[in-house]
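Trainee: Just dropping this structure here.
The values are calculated or read from the model by the stated rules, or taken from the named source; none is laboratory data. Source: prediction; values computed, not measured. Note that each Cβ is placed from the backbone with ideal geometry, even for glycine, and that neighbours are counted across all protein chains shown.
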Amino acid sequence: MRKDFDVVIVGGGPGGLAVGCLLAKEGISSAIIEKAPVLGGRYRSVDFHGCRVDSATHFLVSLAGTVEKTSIWEFFTHLGLPLEYKILPWAMGMVTKEKPGEINFFAMDPKLGAANFFEFFAFATGVQMGDSAKDELMRVATICADMSEEEYRKVIHISFADWIDQNVGDPIAQAVMNGMECIVGAPSKDLNFGYVAKSWGTFISSGSPLIWYPRNDTLENAFIAPMVKYYVDHGGEIITDRTVRNITIEDGKARGVVAHDRHNRFMMEEYGASVVICAVPIFEAVAKNILGREYLTEDWAESIRRCAAMAGPDLSGFFLLREEVVPRDGYGWVHIFDSDYGIPTYMGDLALGSFTNAEEPPGKQLVSSLVIGSTAISPFGLDPSMETVRAAQRRWKESVEKAFPGFNDAIEHEGMNLQLNFTRYAYAPVPVEIDFKSPNVQGLYFGGDSIWAVGNPMSDKCFQIAFPLCEQILEYVRS
């Protein structure tokens with residue numbers, strides 16, 4: 001079997017769908033090939049004991065001060081699709097067994113800007129900073145805010161930890177910057193300075209990151225369903241239950257892909273196209289030989305290798321409580337710190353199902369956890385053992401129990417999901433930034449959130465990339 005299109009898109013997550021919709025709007029013939037039965041990737045919803053909930057505990061971030069300045073908003077506005085949102089109250093919460101039933105909250109105040117660092121450090125350590133440390137932090141934040149996009153990209157080969165060692169003299173200020181793991185999601189040695197600088201500059205330009213979510217729906221209902229409908233209504237073809245075996249490359253040009261039916265692995269299928277967009281993580285495509293290593297330049301191969309080293313999973317936990325234990329009128333998203341580990345230790349996040357628009361059975365309460373797999377407390381690695389995963393889940397539950405006694409006894413059903421972390425793999429220090437256009441194969445492009453060492457946070461980057469990616473493809477196809 002063979003079928004031809006102008007463009008074939010490998011992967012039907014947010015990134016593949018986003019560029020597919022933009023191409024469909026321009027009348028370009030395309031097909032999305034997805035290995036799962038449905039599209040959506042990590043934005044899919046799942047059924048959990050009478051609940052309908054996001055498959056991966058996740059939140060959306062704006063570094064620009066308002067949701068209207070995010071790439072997702074720009075994308076939905078461009079297509080004429082509705083997007084309603086709400087701002088999520090989020091905070092840090094300190095717990096200890098010495099004060100059962102209490103949680104000490106600290107919330108970022110946008111009015112404080114860079115001074116949030118001072119307050120956060122005092123909260124997390126109990127140590128107040130002196131004027132010299134505050135001056136040093138303000139100096140660094142100002143440097144970051146004044147950098148241009150081009151300047152951010154010039155320092156992607158430098159780790160944040162190395163930059164701190166070379167440019168920050170005050171030891172307390174050094175400790176603060178190295179201790180921001182719970183905010184950026186990974187140790188400072190594993191992140192390039194360009195990404196951190198862009199993120200950190202927001203405290204000067206916008207006050208603090210803004211956490212938001214769809215107003216009334218899950219991520220699948222709010223984002224994926226309207227994009228799927230738009231794509232199909234504008235002529236796009238969706239082919240599910242297909243595993244792409246490899247991207248076909250002949251004479252230095254992309255020619256399509258070869259796939260097989262998930263239900264009949266003996267039957268090979270060919271989809272011809274002059275443009276192929278790899279919208280699955282690039283390191284996954286290389287590891288599975290969808291894209292042969294022989295088609296990579298040496299510097300791209302090294303950058304992909306470094307990103308893959310950070311491609312471990314995060315842990316989402318789901319807890320259906322037989323009664324309400326966590327108050328619904330408090331903060332909906334809490335970074336949990338536990339002071340019973342010698343020093344305050346970040347244990348993971350707590351999210352109320354009501355804040356992520358999960359469906360809940362009457363009289364019961366859904367609570368989700370997010371334990372980030374690249375932090376010091378939970379170094380899951382690429383292939384974590386279940387013993388490691390269960391230990392992380394247990395530590396999180398023990399800390400939540402201190403704040404909300406009776407939480408563990410109220411658990412009626414408990415579930416776990418390991419999913420590839422959002423975007424953090426792309427922020428590794430790399431010799432060269434992986435771009436959306438192959439440096440040596442004509443017609444081969446990349447989408448999704450595994451490229452660009454400097455970009456918008458989390459999966460907003462998928463939508464940010466979709467616009468210039470579409471422009472490049474239109475120029476190539478029409479030429």
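Trainee: Kindly indicate the residue of the range 310-357 that is out of contact with any His (no Cβ under 6 Å at 6 or more places or on another chain) and of a type in the set (Asp, Glu) and also modelled with the lowest pLDDT among those meeting that condition.
Mentor: Taking the candidates together, the pick is 329.
Trainee: Return the residues of the range 86-144 that are in a loop (DSSP other than H, G, I, E, B) and of a type in the set (D, E, K, R); say none if nothing qualifies.
Mentor: If the condition is that a residue be in a loop (DSSP other than H, G, I, E, B) and of a type in the set (D, E, K, R), then 97, 98, 99, 102, 109, 111 are the ones that fit.
Trainee: For residues in the range 262-295 being touching a helix residue (DSSP H, G or I) at 6+ places or on another chain (Cβ under 9 Å) and assigned to a loop (DSSP other than H, G, I, E, B), which is surrounded by the most Cβ atoms within 10 Å (Cβ to Cβ)?
Mentor: Looking at the filtered set, the residue picked out is 279.
Trainee: Condition (residue is among the aliphatic types (A, V, I, L, M) and touching a Phe, Trp or Tyr at 6+ places or on another chain (Cβ under 8 Å)) applied to the range 281-300: is it met by at least one residue?
Mentor: yes
Trainee: In the set 225, 197, which member is free of Cβ contacts under 8 Å to residues at least 60 places away in the same chain, closer than 18 Å to residue 35 by Cα and not assigned by TED's automatic domain parsing to the domain that holds residue 440?
Mentor: Just one listed residue meets the conditions, 225.
Trainee: Right, here's the next one. Can you work out which of the residues in the range 301-350 that are of a type in the set (D, E, K, R) and part of a strand (DSSP E or B) is surrounded by the most Cβ atoms within 10 Å (Cβ to Cβ)?
Mentor: Only one residue fits best here, namely 314.
Trainee: What pairs come up if the first residue lies in the range 175-192 and is touching a residue at least 24 places away in the same chain (Cβ under 8 Å) and under 15 Å from residue 379 (Cβ atoms), the second is among the charged types (D, E, K, R) and buried (at least 19 other Cβ atoms within 10 Å of the Cβ), and their beta carbons are under 6 Å apart, counting only those six or more places apart or on different chains?
Mentor: Within 6 Å, the pairs are 185/424; 186/424.
Trainee: Kindly establish whether residue 82 is surrounded by fewer than 15 Cβ atoms within 10 Å (Cβ to Cβ), in contact (Cβ under 8 Å) with a residue 24 or more places away in the chain, under 24 Å from residue 466 (Cβ atoms) and outside the structural domain of residue 462 (by TED's automatic domain parsing).
Mentor: Criteria met by residue 82.
Trainee: May I ask you to list the residues in the range 392-415 that are touching a helix residue (DSSP H, G or I) at 6+ places or on another chain (Cβ under 6 Å) and not polar (S, T, N, Q)?
Mentor: 407
Trainee: Could you say which residue among 325, 389, 334, 371 is aliphatic (A, V, I, L, M) and either over 24 Å from residue 46 (Cβ atoms) or in contact with a helix residue (DSSP H, G or I) (Cβ under 8 Å, 6 or more places away or on another chain) (or both)?
Mentor: Result: 371 is the single residue among 325, 389, 334, 371 that is aliphatic (A, V, I, L, M) and either over 24 Å from residue 46 (Cβ atoms) or in contact with a helix residue (DSSP H, G or I) (Cβ under 8 Å, 6 or more places away or on another chain) (or both).
Trainee: So, residue 369, is that one in contact with a strand residue (DSSP E or B) (Cβ under 6 Å, 6 or more places away or on another chain), in the same structural domain as residue 335 (by TED's automatic domain parsing) and either basic (Lys, Arg) or not in a helix (DSSP H, G or I) (or both) or not?
Mentor: Criteria met by residue 369.
Trainee: I need the full set of residues from the range 63-79 which are among the hydrophobic types (A, V, I, L, M, F, W, C), surrounded by 20 or more Cβ atoms within 10 Å (Cβ to Cβ) and in a loop (DSSP other than H, G, I, E, B), in order please.
Mentor: Scanning the range 63-79 gives a single hit, 63.
Trainee: Looking at the range 398-413, can you tell me whether even one residue there is part of a strand (DSSP E or B) and not assigned by TED's automatic domain parsing to the domain that holds residue 343?
Mentor: Looking through the range 398-413, none of the residues is part of a strand (DSSP E or B) and not assigned by TED's automatic domain parsing to the domain that holds residue 343.
Trainee: Determine which member of the set 109, 54 is in contact (Cβ under 8 Å) with a residue 40 or more places away in the chain and surrounded by 21 or more Cβ atoms within 10 Å (Cβ to Cβ).
Mentor: Answer to the selection: 54.
Trainee: Scanning for something in a strand (DSSP E or B), surrounded by 15 or more Cβ atoms within 10 Å (Cβ to Cβ) and at pLDDT below 95, does the range 28-40 turn up at least one residue?
Mentor: No - not one qualifying residue is present in the range 28-40.
Trainee: A follow-up question, please. Please go through (1) in a loop (DSSP other than H, G, I, E, B); (2) under 22 Å from residue 310 (Cα atoms); (3) not charged (D, E, K, R) for residue 357 and return the number of the only condition it doesn't satisfy.
Mentor: (2)
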